[in-house]
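The values are calculated or read from the model by the stated rules, or taken from the named source; none is laboratory data. This is a predicted model, so every value here is computed, not measured. Every residue, glycine among them, receives a Cβ derived from its backbone with ideal geometry; neighbour counts consider all protein chains shown. Accessible surface is based on the protein model in full, side chains and every heavy atom, while ligands, DNA and RNA are left aside. Shrake-Rupley method; radii C 1.70, N 1.55, O 1.52, S 1.80 Å.
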Amino acid sequence: RNYYGGNWASFSFSGLLSWIKENQEKTEICDDHEDWRKLILENEEVLSLSKKDKTIQHVENFCFGNQDSAEDVEEAGALPKLPVFGASDAYQAAQESEKECPSMESALPEAESQELEKTTGTEPASAEEGKDTEMTSESQSCSTALGESTLELGKAEAAPSEVPAQEPKKITYSQIVREGRRFNIDLVSKLLYSRGLLIDLLIKSNVSRYAEFKNVTQILAFREGKVEQVPCSRADVFNSQQLTMVEKRMLMKFLTFCLDYDQHPDEYQGHENSTFAQFLRTQKLTPSLQHFILHSIAMVSETESSTLEGLQATKKFLQCLGRYGNTPFLFPLYGQGEIPQCFCRMCAVFGGIYCLRHPVQCLVVDKESGRCKAVVDRFGQRISANYFIVEDSYLSEKICMNVCYRQISRAVLITDQSVLNTDSEQQVSILTAPPVDPGKPAVCVIELCSSTMTCMKDTYLVHLTCPSTKTAREDLEPVVQKLFNLNTEKETENEELDKPRVLWAVYFNMRDSSGIDRNSYDGLPSNVYVCSGPDSALGNDCAVKQAETIFQEMFPTEEFCPPPPNPEDIIYDEDEIAPEESGFDNSPETKPEPSTEEGSSEVSTAASKEDNEG
């Protein structure tokens, strides 16, 4: 691919259109060099890799806005294509990028006990091709997790009040195309739990210094045809105008129980085999409170999730409140696709090399030991290694013939207003829409405003996600029709006027390869490890656990993602960083003096291997 992150990536609008075209055409990778088999020895055999990415299916996109001519319209400030880096060029470019971009102070604390302070910094240049890195006044003024004090439960600010809908500005398709670089559209829609595994890993590894985050500001519910704000913190509950005083007491009593439910097993004894929805009906809770807890706080299945699963999910939600704001969630500015790039940058600074547009032909397996010895790329180059980590989509049908995959239904919408108008236009919201029909899954809806740097001004980017039962459009369009106006401007009826209008939409199904046992893969060498693509869960715990498990299998005595060494702790060996060995010029005339800000980017490949084995 010509971009980082695989199915975790994010795109500008034109980049997404290219991705859509690529997945609708489904072209196979052709062999550039037919003579690559000469590199295979007699005691070796070939394990071919897939020539076609089959993880994305049923891609459909629609334009509902004013379809004026956009054929000759180009993205403003479009950049030329990046050159293909050689190994030494990529290493040097990573170091130069690190030196040129001042290190941004972390948007997360170095330790949980450390008080968060307000800082400012320059957004680091994005590794994604064509990414708009210009810092606008909009991004400078937006609220990030770093710029907000740690809030205790009960000290959060009152929720923004609902206001009458205002006439939205008319956005044309050509405007979307022209402002396409203002969009950063994620293929997978996720949020970060403020006390989740990924936040802890970002803090521990200091990768968080490459990213900024914004609080999710609203937890919403869809009930009886209306979108409502859900009170979840103590302050929200007592400031809520939609709950009676009796309901407020009921809700606070139940949430207090959920925080330490494991200390009171008698409260749920006899309900272990019941669903969480059935358990809620036995509590002294009104139907509206049951709806809020099930769909907007626990966010679990009404028909499949057990009582204990619901209590665990509710406790996790409540424990995450108050760390960075009055909701449990954070969203990375410029999209979820920034997270893989942050790890890429940290790796590149210490000698890791990423090769884009560099397909791999096959794995080379030793017949006697059954271990993988090398890969052969499609340029006829053989690359040897001790360990090989392969994303599931690269494996051939022969290897995956016994694997049963699930699917994720995804939709991305560009709309002209929020699903819930408040006194602030810059809201980041999450809504769980209950199943439209029995047997259907609930749909997670995440709405992003322009201050998240994922869409242009006066628009909203809406992500819809659920486990697949049919095609993505069949699964998600009923929910889209309930929440949004899909008609063109001339066709809009009176009852649709209050709904946000969809300007553009895309639906697609994505493979969920998480949770697959290694033994399901047929003929996989022992030193080849498989990573899954994104799962359907809201958080990132699955990916973090999988990465740590694979790392510990390869390097059981090493620490997973340790903090990078301080610049003053790095020992330089002049013999090991000679220009001919390191691949770039380290002559005194061109090598800058190491400083506290730049020292970490001065480390050579040899030194990094010594200090950061693995």
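General remarks:
- For the peptides 408-417, 537-546, the ranking by mean Cβ contacts within 10 Å, running from highest to lowest, is 408-417, 537-546.
- Cross-link pairs exceeding 24 Å in C-alpha to C-alpha distance, out of 21/470; 253/440; 21/440; 54/398; 284/482; 226/440, comprise 253/440; 21/440; 284/482.
- Neighbourhood charge, 12 Å Cβ-Cβ cut-off, centred on residue 459 and excluding it, Lys, Arg +1 and Asp, Glu -1: 0
- Two-site FRET efficiency, residue 21 against residue 519, from Cβ-Cβ distance with R₀ of 35 Å, rounded to 0.05: 0.40
- Accessible area of segment 240-320 belonging to carbon and sulfur atoms, whole % at 1.4 Å probe: 47 percent
- Ranked by the mean number of other Cβ atoms within 10 Å of their residues, highest first, the peptides 203-213, 302-312, 37-47, 445-455 come out as 445-455, 203-213, 302-312, 37-47.
- Taking N as its residue count, the alpha carbon Rg of segment 510-561 over 2.2 N^0.38 Å: 1.23
- Residue-wise HN-Hα coupling along segment 423-431, computed from phi with Karplus coefficients 6.51, -1.76, 1.60 (Hz; x: Gly, Pro): 6, 10, 7, 9, 10, 10, 10, 10, 9
- Where N is the number of residues in segment 290-348, Cα Rg divided by 2.2 N^0.38 Å: 1.52
- Accessible area per residue in Å² at 1.4 Å probe, computed on segment 240-320: 51 Å²
- Using Cβ point charges alone (K and R +1, D and E -1), the dipole size of segment 240-320 about the Cα centre works out to roughly 380 debye.
- In segment 192-304, the ratio of gyration radius to Kirkwood radius, Rg to Rh, stands at 1.03 when only Cα atoms are counted.
- Ratio Rg/Rh, restricted to segment 342-491 and using Cα atoms, in which Rh is the Kirkwood radius: 1.13
- The translational diffusion coefficient of segment 436-570, from Stokes-Einstein at 25 °C and 0.890 mPa s with a Kirkwood hydrodynamic radius over alpha carbon pairs, comes to 127 µm²/s.
- For the pair segment 425-455 and segment 249-304, the centres of their Cα atoms are 23 angstrom apart.
- Radius of gyration (Cα atoms) of segment 240-320, expressed as a multiple of 2.2 N^0.38 Å: 1.01.
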